[in-house]
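The values are calculated or read from the model by the stated rules, or taken from the named source; none is laboratory data. Please read all numbers here as calculations on a predicted model, not as lab measurements. Heads up, the Cβs are rebuilt from the backbone with ideal geometry, glycines too, and the neighbour counts pull from every protein chain shown. Areas reflect the complete protein model, heavy atoms only, side chains present, ligands, DNA and RNA absent. Shrake-Rupley method; radii C 1.70, N 1.55, O 1.52, S 1.80 Å.
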Amino acid sequence: MTKTEYANILLPNVKHTKEEYENMYKDRNLKEGAIVTRFAPSPTGFVHIGGLFTSFIATRFAHQTGGICLLRIEDTDTKRTVENGIEEIIRDLKDYGITFDEGAISETEEIGEYGPYIQSKRKDIYQAFAKYLIERDLAYPCFMTEEEQETIRKKQENVKARIGIYGQFAKFRNITMDEALERISKGEKYIIRFKSPGNFENKVIIEDAVRGKLSFPENDLDIVLIKKDGLPTYHFAHLVDDHLMKVTHIIRSDEWLSSLPIHVQLFDTFGYKRPIYAHLSPLTKKDEGGIRKLSKRKDKEAAVSYYHEAGIPKEAVKIYIMTTANSNYEEWYEKNKENWLDFTLSFDKVSTSGSLFDLDKLTNISKNFISTMKASELYEEALNYSQEFDKEFYDLLTKYKDYSINVLNIEREVERPRKDIENYASVRKEISYMYDELFNKDETPYEYKDFYNKDLLTYYINNVYDESDDKQTWFNKIKEICPRFGFASETKEYKQNPDNYKGSVSHVCELIRVAVTHRKETPDLYEILKLLGKDRIKERIEKFNI
Ligand code: GLU
């Protein structure tokens, strides 16, 4: 029996040969230096902030070089795959405006000429590549039962040996064709293992784009290529796919760093040019005095849905990712806020030690980003947010659209805009007093004793306040009534002789502010009064008692 016939028995019904598949995937016609990379998530549940980080960075690297970033779904571990997992990934990434040039766009549709991009649809292709190895005696069927493997693992643990199938533990490495065929005829189940040509005593040098030159012992593990269900392992699928899809750069999390010797060995065995690997450090968090990896299970901020629910602008999350990805981004961003995405990322500025995920810093970025938004943009975002999370506020924003935009426009679209709004969720909190429906409900009556003066307030609204005054006139008028009620028209005057006055003009302003908003701190009072209008100011002043 020839090796080819043998391979046909081990992996039957494979439609094409490796060579035929290779001919189907044409070279890409991209300009010099263009990076082809991919984001390759497994549909195992929600999108992790780490996944958002990697996908965003990968798309940036590709696009800044005029290259391609594709979305490949790695669903060969069927036990870990969750229902709707693919749709969720696609939706969450799209929601963040992360766009791929090729890949799955739903469970059933995809774009691009290098697919299928969902691994479970590529079974035949992987098997063709495995057959190629079997024919060259570089792969073999392994009939070890799970119990046998478990026994080996325990034995290795006990004697503190390396875990895995290698050397003496690779029981079927040299199985003859006859023995294999006999076992198969008896119905024994098997998997296909790689016959690793490596020697653990040798070193392999690998250049990582982020970490520089790395030295590892050569791989000598006979890793699994094709599992019992006929699907490949991650290691093998990544070789086949990244080769056929003409991927030049593998940007992925550093949990795969230790598998690098296996991966380069696979590329070398097939005689393929090794891709450039760039391993990104995990996002970390301070916890109980130490620093640990952000955990899907423990940390609410690990899920991207957290940012959506908190109303943190997607742009702020991405700006934050850029600051974590490249140490020189932050300084650049300060000068280029308008074009925050135009930064050119570089691999050598990516941290190798893990980036501390700092929610306070993100809040700060979010606050600053919101301060640069136009009132109408912020209105739309607040509307979308409240539609999902705060129906009452949504109804008010809808009912009073123009008014709300004007409210949001106070101290906005100016050189030094207000920075009180941290996220879309806090819009309501910051402006609720501007809506009578919420003012009477959300705001607790303010106990304002310090400069309380009802006569002044009444006089002011009945005899002084005029909606048509410009800001200067408005302020001058407040100054003018000060002496009548025992307040100093100038703060300086009051400071020099505090005993002669009840307070100063700034206290009068504060009094008016507290009366109409129930807050000591608000954006510009003149604008607030103008938007409230005389009748509503009057109503609020009348009700303002201590
Ligand atoms: N499916 C792997 C994961 O989710 C992908 C790693 C890679 O990018 O190669 O970790």
Considering only residues that are over 17 Å from T458 (Cα atoms) and aliphatic (A, V, I, L, M), look in the range 525-546 and name the one that is surrounded by the most Cβ atoms within 10 Å (Cβ to Cβ).
I528
Step by step: first the residues of the range 383-414, then only those that are open to solvent by less than 70 Å² (accessible area, probe 1.4 Å) and touching a Lys or Arg at 6+ places or on another chain (Cβ under 8 Å), then the one that is nearest to D524 (Cα to Cα). Which residue is that?
I410
Select, from I226, I184, the only residue that is over 19 Å from R274 (Cβ atoms), touching a strand residue (DSSP E or B) at 6+ places or on another chain (Cβ under 7 Å) and either open to solvent by less than 20 Å² (accessible area, probe 1.4 Å) or touching a residue at least 12 places away in the same chain (Cβ under 8 Å) (or both).
I226
Out of the range 189-198, which residues are touching an Asp or Glu at 6+ places or on another chain (Cβ under 9 Å) and either farther than 24 Å from L133 by Cα or open to solvent by less than 70 Å² (accessible area, probe 1.4 Å) (or both)?
R193, F194, K195, S196, G198
Suppose we keep only residues that are of a type in the set (F, W, Y) and outside any helix (DSSP H, G or I) within the range 30-53. Which one would you say is farthest from the ligand (Cβ to nearest atom)?
F46
Based on what the data block shows, is F200 assigned to a strand (DSSP E or B), among the aromatic types (F, W, Y) and out of contact with any Phe, Trp or Tyr (no Cβ under 7 Å at 6 or more places or on another chain)?
no
Report, by residue number, each residue of the range 489-524 that is open to solvent by less than 10 Å² (accessible area, probe 1.4 Å) and touching a helix residue (DSSP H, G or I) at 6+ places or on another chain (Cβ under 8 Å).
G503, S504, V505, V508, L511, I512, A515, V516, T517
Determine if the range 246-254 includes at least one residue that is among the basic types (K, R), surrounded by fewer than 19 Cβ atoms within 10 Å (Cβ to Cβ) and modelled with pLDDT of 95 or more.
yes
Out of the strands (runs of 3 or more DSSP E) lying entirely within the range 263-326, which hold 3 or more residues that are open to solvent by less than 50 Å² (accessible area, probe 1.4 Å)?
276-280, 283-287
Show the residue pairs that are 6+ apart or on different chains and have beta-carbon atoms under 7 Å apart, the first residue being within the range 20-32 and under 13 Å from G112 (Cα atoms), the second being assigned to a helix (DSSP H, G or I) and of a type outside the set (F, W, Y).
Y25/L244
Please enumerate the residues belonging to the range 54-84 that are part of a helix (DSSP H, G or I), open to solvent by 10 Å² or more (accessible area, probe 1.4 Å) and within 12 Å of the ligand (Cβ to nearest atom).
T54
Quick one: is D27 near the ligand (Cβ under 9 Å from one of its atoms) and in a loop (DSSP other than H, G, I, E, B)?
no
For D229, indicate whether it is out of contact with any Lys or Arg (no Cβ under 6 Å at 6 or more places or on another chain), acidic (D, E) and within 16 Å of the ligand (Cβ to nearest atom).
no
Test E380 against the stated conditions and say whether it is among the charged types (D, E, K, R) and closer than 19 Å to D535 by Cβ.
no
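Each row is one residue, and each column tells you yes or no for (1) in contact with a Leu (Cβ under 9 Å, 6 or more places away or on another chain); (2) at pLDDT below 95; (3) open to solvent by less than 10 Å² (accessible area, probe 1.4 Å); (4) not in a helix (DSSP H, G or I).
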{"site": "I86", "(1), (2), (3), (4)": "no, yes, no, no"}
{"site": "R91", "(1), (2), (3), (4)": "no, yes, no, no"}
{"site": "E107", "(1), (2), (3), (4)": "no, yes, no, yes"}
{"site": "Y114", "(1), (2), (3), (4)": "yes, no, no, yes"}
{"site": "S120", "(1), (2), (3), (4)": "yes, no, no, no"}
{"site": "K123", "(1), (2), (3), (4)": "yes, no, no, no"}
{"site": "I134", "(1), (2), (3), (4)": "yes, no, yes, no"}
{"site": "D137", "(1), (2), (3), (4)": "no, no, no, yes"}
{"site": "E157", "(1), (2), (3), (4)": "no, no, no, no"}
Residues of the range 235-248 satisfying the condition of being more than 19 Å from K123 (Cα to Cα) and either within 11 Å of the ligand (Cβ to nearest atom) or over 24 Å from the mean Cα position of the chain (by Cα) (or both)
V247
